[in-house]
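The values are calculated or read from the model by the stated rules, or taken from the named source; none is laboratory data. None of these values were measured; they are calculated from a predicted model. When we count neighbours, we look across all protein chains shown, and the Cβ atoms used for this are built from the backbone with ideal geometry, even at glycine. Accessible surface areas use protein heavy atoms only, side chains included; no ligands, DNA or RNA. Shrake-Rupley method; radii C 1.70, N 1.55, O 1.52, S 1.80 Å.
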Amino acid sequence: MKDLDLIVGPRVPKDLLKKERKRFLLPTVFLGGAAFLLLVSIFLPYWKLTLFAPQYPSGLQVQIYVNQVKGDVKEIDTLNHYIGMRSLTEAAPLERSLSIFLVAGIALLAFAAIYIHSPIALFFSIPALLYPVIFLADLYFWMWNFGTNLDPRAPLSGAVKPFVPPILGESKIAQFKTIASWDIGLYLAIVASIMIIIGLYFHRKAYKPLLESELQKATRED
Amino acid sequence: MKKNVLTRLFIAASVIGVLLFMMTCGKREAGQVVGNGDLKAIAEQRGLTPADLIAAAKTYVPTGKYDEYVMFSSGGHSGQVLVIGIPSMRLLKVLAVFTPEPWQGWGFSKETKDILKASYVDGKELTWGDTHHPALSETNGDYDGQFLFINDKANARTAVIDLRDFETKQIVKNPLSLSDHGGTFVTPNTEWVIEGGQYAMPWTGKYAPISKYKEEYRGMVTFWKFDRKKGRIIVEESFALELPPYWQDIADAGKKVSEGWVFMNSFNVEMSTGGVEKGNPPFEAGASQLDMDYLHVINLKKAAELFKAGKTKKINGFPVLTLDVAAKEGVLFFVPEPKSPHGADVTPDGNYIVVSGKLDPHATIYNFTKIKKAIEEKNFAGKDDYGIPIIAFDTAVETQIELGLGPLHTQFDPNGYAYTSLFLESAVARWTLGGPWTEKHGKEPWTLVDKISIHYNVGHIAVAEGDNVNPDGKYLVSLNKWAIDRFTGVGPLLPQNFQLVDISNPNGNMQLLYDMPIGIGEPHYAQIIKADKLKSWDVYPEIGWDPGTQSKSKYGIQAGEERIVRRGRTVEVFMTAVRSHYTPEHVEVRKGDRVIWHITNIERAKDATHGFALPYYNVNLSLEPGETQTIEFVADKAGVFPFYCSEFCSALHLEMAGYFLVKP
């Protein structure tokens with residue numbers, strides 16, 4: 001067996017595929033579904049922050065997408081300048097410019113795992129598996145970065161000490177109550193992550209016996 | 001009868017229950033003490049009757065709730081327009097129109113100064129207006145909530161207000177006359193804005209002795225062409241009709257069957273020229289000698305065709321359809337009307353014209369179908385001195401109804417009732433229309449059915465949507481000239497009194513609900529529109545907006561584009577305003593420099609308006625979110641001038657300031 005064959009793994013004989021359709025369909029469905037959900041999530045918000053204050057009866061909201069920030073960005077920036085926080089538009093420039101390619105790449109890798117009938121498929125799906133955690137870690141990094149790097153010359157810098165806004169749940173700053181919550185995009189990514197785990201389980205179930213028998217065959221031939 | 005009393009008691013009890021509920025709610029929510037919650041005790045202590053409590057419940061609009069209707073009222077001598085919520089009678093806004101107004105920066109910025117300047121007579125500054133009759137734009141005869149027009153009687157001017165931002169966009173000066181009264185009224189699709197003159201005079205700028213009154217003095221009505229898309233009157237496509245010097249009064253546009261026609265009163269067909277000091281009868285007597293004045297019936301459709309065909313003559317550079325052409329082509333007809341008339345109001349179906357003479361207790365109802373027939377058959381009783389055909393009174397009249405003393409203006413409801421103000425009697429009369437309207441009310445047609453006293457001396461009345469093809473009824477506002485004893489004394493100049501009347505029950509009595517003092521001028525007419533027809537902007541659509549053109553200003557900038565540019569002795573400043581600072585905060589020039597200063601409010605939040613006040617140079621601007629305004633002046637005094645934000649914009653509002661430094 002060649003190295004490449006080892007990575008890609010054995011192909012499924014046609015008669016076996018016909019006989020045990022479900023066995024080989026399940027990993028395809030879960031891994032493919034995960035890839036699809038990841039692609040869809042690019043167009044959906046991942047995280048949102050809602051602010052309430054007496055003078056904003058219907059609240060203010062920002063929604064974070066992988067590549068953009070939407071909502072009352074201008075107004076929140078105007079308010080943030082009082083505590084010396086940088087404009088939201090300055091956050092995560094690299095991530096935002098690359099995110100579409102990265103997420104699409106992660107999804108493609110997960111999709112590619114369908115055609116890899118060896119344990120290497122695990123490495124192809126790991127990015128998709130870990131992606132929600134990576135996103136949240138990056139979000140936390142920028143929260144920390146923004147919240148702890150306040151301009152000391154800002155009008156209210158004496159009143160508001162540096163802080164790290166939570167990535168989930170309620171907090172209070174000056175007259176604002178803020179509610180941070182995860183949004184549909186992130187939920188899709190988490191579902192994709194779970195589907196990857198399930199997909200890998202079925203993957204192992206489907207291809208491990210096949211691979212083992214191939215390997216046995218190869219040793220015999222040697 | 002007994003059942004009626006029971007019903008009333010039940011209503012009163014329900015109202016008390018509702019009030020009690022509201023009070024407990026209020027107590028819980030706002031944490032305010034509103035007495036002990038015992039409504040009866042409060043009513044007793046304040047001397048309120050059950051009827052008062054019902055009136056209170058019908059008008060009270062709790063915090064955060066909106067009014068059902070919005071009334072646009074003339075602001076009288078203030079030269080402004082009042083915006084009032086109904087039924088709460090809360091003053092929502094005062095719109096600057098003909099008069100400089102500091103809060104709105106009206107007449108301070110270059111953009112707004114230019115609008116005012118365009119309406120000056122020979123460039124002479126006018127700093128007031130006598131606003132009379134607001135007219136909401138209409139589509140198919142119904143208010144569409146897009147534009148508002150209003151006239152200035154004192155200087156014969158017509159203004160256009162855009163109801164997206166409630167700001168005046170244009171003021172046109174009548175080129176022929178110095179006074180107007182028959183304006184503004186619009187045709188059913190707002191193709192034309194009607195402005196009728198009042199005091200006859202030689203055309204503006206011309207002198208003629210009063211002995212030449214009949215030959216040289218003239219009345220007029222101007223038809224301003226309105227372009228809805230541009231939101232402007234197109235002066236080049238407008239024209240006027242020459243009228244005899246009969247002192248024309250109020251007008252109304254025909255609708256439905258009478259669409260394309262205009263009706264207008266007059267009150268001095270005697271052509272009295274006054275001169276009481278010379279032993280002549282004073283105007284008040286001279287103009288009231290004859291029993292009849294003339295209702296003017298104008299074929300606007302025909303007049304517009306003649307104008308298009310070039311049959312007009314340029315007077316003061318403005319096309320005028322002269323009397324001889326009007327007589328020859330059948331544009332103008334007269335119908336006798338009881339002397340000293342004031343109202344000429346067309347019914348919602350367009351078929352009847354209600355005219356009320358101040359000195360005649362009747363409302364005279366003309367039938368348009370009869371008028372049209374007489375015109376078609378050339379059934380005329382004669383001609384006036386200017387060759388205009390006269391239709392006999394009996395030929396045109398449907399009926400006359402005795403309403404009371406001093407009937408003035410009439411409005412309508414959806415149930416076939418008409419409402420007429422009675423000036424001398426200080427009352428409002430409700431009466432039934434006839435013809436096809438009889439089916440709606442099922443009562444004796446053309447009959448007085450109810451009357452309510454008002455306080456005092458009512459001029460116009462306004463019923464909700466009561467002068468369009470689709471009246472709403474429900475509320476009537478009586479615009480009273482005198483208040484006498486209605487309010488606490490505030491010196492010898494008393495406020496006017498707007499009284500809200502409930503007319504929602506056609507089978508019961510009208511009920512007086514509320515008195516609203518108006519302390520800024522003598523309003524004349526008002527119109528009431530359903531609030532949900534108004535589609536007002538929250539903020540200007542884009543940053544750098546010029547409300548004067550309703551488009552992006554070329555002087556509008558974004559954050560980061562602020563700059564000061566010097567060209568010779570001209571210094572141009574591009575400034576932004578945002579909570580809570582201007583950029584730049586230092587503006588330095590040399591004495592004698594010409595300063596052109598553009599300020600853009602780059603906010604997008606609702607209500608985040610900034611002011612800009614510059615002492616000595618007499619500047620105060622209102623910069624609403626997105627708006628760009630410009631000031632232009634010569635820095636003629638050396639020194640240091642602190643400028644500041646004059647709207648309390650934020651917690652650091654006081655810090656929103658800067659220095660204008662003028663080096664000697």
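Couple of notes before you dig in:
- The A:Ile179 and B:Val257 beta-carbon pair, evaluated with R₀ = 35 Å, returns a calculated FRET efficiency of approximately 0.05.
- Straightening the chain between A:Val191 and A:Trp144 buys 14.3 nm, computed as 0.36 nm per residue apart minus the Cα-Cα spacing.
- Residues of region B:528-640: accessible area per residue with a 1.4 Å probe, Å²: 42 Å²
- Enclosed volume per residue, in Å³, of the convex hull spanned by Cα atoms of region B:545-663: 95 Å³
- Above-threshold pairs, the threshold being 22 Å between Cα atoms, out of B:Lys93/B:Lys255; B:Lys256/B:Lys314; B:Lys225/B:Lys378; B:Lys339/B:Lys383; B:Lys214/B:Lys328; B:Lys278/B:Lys383: B:Lys93/B:Lys255; B:Lys256/B:Lys314; B:Lys225/B:Lys378; B:Lys278/B:Lys383
- Using the Cβ-Cβ distance between B:Val634 and B:Thr549 with R0 set to 22 Å, the FRET efficiency works out to roughly 0.30.
- In summary, the lysines within cross-link reach of A:Lys18, defined as a Cα separation below 19 angstrom excluding same-chain residues under 8 places away, comprise A:Lys205, A:Lys208.
- Anisotropy class of region B:440-509 from Cα gyration tensor, a/c 1.5 cut: prolate
- Span from the region B:41-115 Cα centroid across to the region B:357-395 one, whole angstrom: 41 Å
- Mean-position separation - Cα centroids, region B:248-285 and region B:125-141, in angstrom: 20 Å
- Solvent-accessible area lost on pairing B with A (1.4 Å probe, both sides summed) amounts to about 700 Å².
- B:Val276 paired with B:Glu585, simple spin-label distance in nm, labels 7 Å along Cα-to-beta-carbon: 6.4 nm
- Gaussian network model of chain A, springs between alpha carbon atoms under 10 Å - residue of A:Ser58, A:Ser87, A:Ser99 with greatest fluctuation: A:Ser58
- Each label point was placed 7 Å from the Cα along the Cα-to-Cβ direction; for B:Glu377 and B:Ala51 their separation is 5.0 nm.
- With protein chains left intact and a 1.4 Å probe, residues in region B:56-96 average 38 Å² of accessible area per residue.
- The slack in the chain from B:Thr570 to B:Ala657, taken as 0.36 nm per residue of separation less the alpha-carbon distance, amounts to 29.0 nm.
- Linear extension gain, A:Gln68 paired with A:Ala112, 0.36 nm per residue minus alpha-carbon span: 13.1 nm
- The per residue volume of the convex hull around the alpha-carbon atoms of chain B is 186 Å³.
- Peptide A:78-88 is shielded by partner chain Cβ atoms: per residue, an average of 2 of them sit within 10 Å of its Cβ.
- Volume per residue of the C-alpha convex hull in region B:486-626, rounded to whole Å³: 216 Å³
- Accessible surface of region B:429-551, 1.4 Å probe, proportion on carbon and sulfur as whole %: 52 percent
- Note on B:Lys302: aspartates and glutamates with a C-alpha under 13 Å away, same-chain residues under 8 apart excluded, are B:Glu259, B:Glu329.
- Computing FRET efficiency as 1/(1 + (r/R0)^6) for B:Glu236 and B:Val121, where r is the C-beta to C-beta distance and R0 is 25 Å, gives about 0.80.
- Between B:Asn505 and A:Lys217, the modelled label-to-label distance comes to 9.6 nm, taking each label 7 Å out from Cα in the direction of the beta carbon.
- Taking only Cα atoms of region B:604-664, radius of gyration then Dmax in Å: 12.8, 42
- DSSP bridge pairs, region B:545-663: antiparallel proportion in percent, nearest 5: 65 percent
- Range of Cα positions in chain A per principal axis (Å), largest first: 79, 31, 23
- Cα gyration tensor category, rounded, prolate or oblate, for region B:262-404 with a/c compared to 1.5: oblate
- Taking all protein chains into account, the per residue accessible area for region A:1-142 stands at 54 Å² (1.4 Å probe).
- Separation of alpha-carbon centers, region B:539-588 and region A:25-64, rounded to whole Å: 38 Å
- Most positive-pole-ward Cα, B:Pro389, B:Val70, B:Phe147, against dipole of chain B from beta carbon charges: B:Phe147
- Here is the P(r) of the protein assembly as shown: all C-alpha pair distances, binned every 10 Å from 0, give 2, 10, 15, 17, 15, 13, 10, 7, 5, 3, 2, 1, 0, 0, 0 in whole percents.
- Paramagnetic reach from B:Lys535 in region B:625-663 [backbone N under 12 Å; point 7 Å along Cα→Cβ]: none
- For the set B:Lys65, B:Lys40, solvent exposure ranked by accessible area (probe 1.4 Å, protein chains only) runs largest to smallest as B:Lys40, B:Lys65.
- Within the same chain, aspartates and glutamates fewer than 8 places from B:Lys663 are excluded, and of the rest, those with a Cα less than 20 Å from its Cα are B:Glu572, B:Glu585, B:Glu588, B:Asp593, B:Glu632, B:Asp636.
- Minimum 10 Å² accessible area buried by the other protein chains, region B:581-615 residues, probe 1.4 Å, relative to alone: B:His581, B:Ile602, B:Arg604, B:Ala605
- Long-range tail of P(r) for region B:530-587 (Cα pairs > 15 Å, %): 63 percent
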